[in-house]
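Below: one structure, written as structure tokens.
What follows is calculated from the coordinates using simple rules that are stated; it is not laboratory data. Just so you know, these numbers come straight off a predicted model, no measurement behind them. Cβ placement follows ideal geometry from the backbone for every residue including glycine, while neighbour counts extend to all protein chains displayed.
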Amino acid sequence: MRTALLIAALLCLASPGFATWSVIAIDQKTGQVAIASASCVDDIDDGMRDAIAVVVPGKGVAACQAAVDRTHQNHALVFQEMQKGTDPHRIIEMLSADPQFQSRQFGIVDIEGRAAGHSGLLNSFETLFVPGHVPDTGVYYQVLGNTIRSGAIRKGAQAFVEASGSLTDRVMAAMESIDANGGDVRCSCPPAESKPALPCDNKHAHAAYILLANPADSSGSAESNGKYAMYIGVTQPAPGRAQGAKPGESLNPIKTLRIRYDAWRKNALAN
């Protein structure tokens with residue numbers, strides 16, 4: 001028994017979990033790609049984006065989540081293959097060579113509207129991905145999550161389709177729906193007040209982000225740190241975190257993401 005527990009502990013240390021929900025989407029008419037994610041992992045500024053997102057402006061977008069690939073070899077493979085225009089199903093086949101493939105979750109959507117995903121058999125309930133197309137548009141999406149409240153991912157996909165507005169308006173609607181329907185099952189409001197004291201708003205995540213890339217945007221030194229049209233990150237308040245929730249915002253990162261997204265949207269429309 002002790003040996004089994006020790007092995008389990010070592011496996012957790014070797015491949016830490018990153019229970020998450022993500023929404024990835026593309027718009028063929030504008031060439032834009034977008035991704036948003038949230039998780040009960042209380043990460044540093046940009047930490048969640050760096051751990052999950054793969055963005056190829058004008059080509060496609062992907063989420064690499066669940067057991068975290070700290071080597072970023074999977075992220076690099078997805079990035080390189082999307083640049084080449086490789087079919088997402090073929091990319092998933094290539095990723096299956098990873099020894100921890102059954103502990104991972106992947107979602108990929110490219111500008112051709114092709115989508116593929118994988119939810120490893122070793123991930124906790126509920127783990128799934130839901131791809132789709134918004135009728136009469138060039139918008140394709142995939143909503144995926146692991147260790148998520150039952151039914152929340154499908155409701156998020158429905159919210160994406162039923163929303164109106166821009167690509168990121170739809171992404172935000174899906175993120176809010178998943179949060180409202182239970183989100184990540186591992187966290188809720190803390191027993192004590194935060195410093196500064198902020199409303200908790202029935203949160204189901206600690207951190208979140210949303211990112212939008214236009215076709216002409218440039219990639220960076222990694223798979224998700226380029227110069228994009230929009231990137232907004234939210235973490236819990238802590239010393240040294242520029243993205244931490246602030247007075248007038250919420251400990252629920254989806255609520256704070258909405259506040260910051262609306263401010264960005266207002267400024268973008270004004271300019």
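Observations, loosely collected:
- Prolate/oblate/rounded label for segment 115-210 (Cα gyration tensor, a/c 1.5): oblate
- For segment 113-119, 3J(HN,Hα) per residue [Karplus equation, 6.51 cos²θ - 1.76 cosθ + 1.60, θ = phi - 60°, Hz, x = Gly/Pro]: x, 7, 9, 8, x, 8, 10
- Neighbour-limited loop hits for trypsin sites (Lys or Arg not before Pro), segment 48-154 (at most 11 other Cβ within 10 Å; DSSP other than H, G, I, E, B): Arg70
- 222 nm mean residue ellipticity, helices alone, for the chain (DSSP H n ≥ 4; -39,500 (n - 2.57); rounded to 500): -9500 deg cm²/dmol
- Taking a ≥ b ≥ c as the square roots of the eigenvalues of the Cα gyration tensor, an a/c ratio of 1.5 or more together with a/b no larger than b/c marks segment 75-152 as oblate.
- Formal net charge of residues neighbouring Ala38 (Cβ-Cβ distance under 13 Å; K, R +1; D, E -1): +1
- q = 0.10, 0.25 Å⁻¹, segment 39-122: log10 I(q)/I(0) [Debye, one scatterer per Cα]: -0.22, -1.27
- Ranked for footprinting exposure by Cβ neighbours inside 10 Å, fewest first, Met94, Met175 give Met94, Met175.
- Span from the segment 223-265 Cα centroid across to the segment 135-183 one, whole angstrom: 19 Å
- For segment 130-269, the square roots a ≥ b ≥ c of the C-alpha gyration tensor eigenvalues yield an a/c of 1.5 or more together with a/b not exceeding b/c, which makes the shape oblate.
- For segment 256-271, 3J(HN,Hα) computed residue by residue from phi via the Karplus equation (6.51, -1.76, 1.60; θ = phi - 60°) reads 5, 4, 4, 4, 6, 5, 4, 5, 4, 4, 4, 5, 5, 5, 5, 9 Hz, glycine and proline entered as x.
- Lysine-lysine proximity count for the chain, Cα under 19 Å, sequence distance 8 or more or distinct chains: 12
- Fraction in percent of alpha-carbon pairs per bin - 10 Å, segment 195-260: 21, 43, 25, 10, 0
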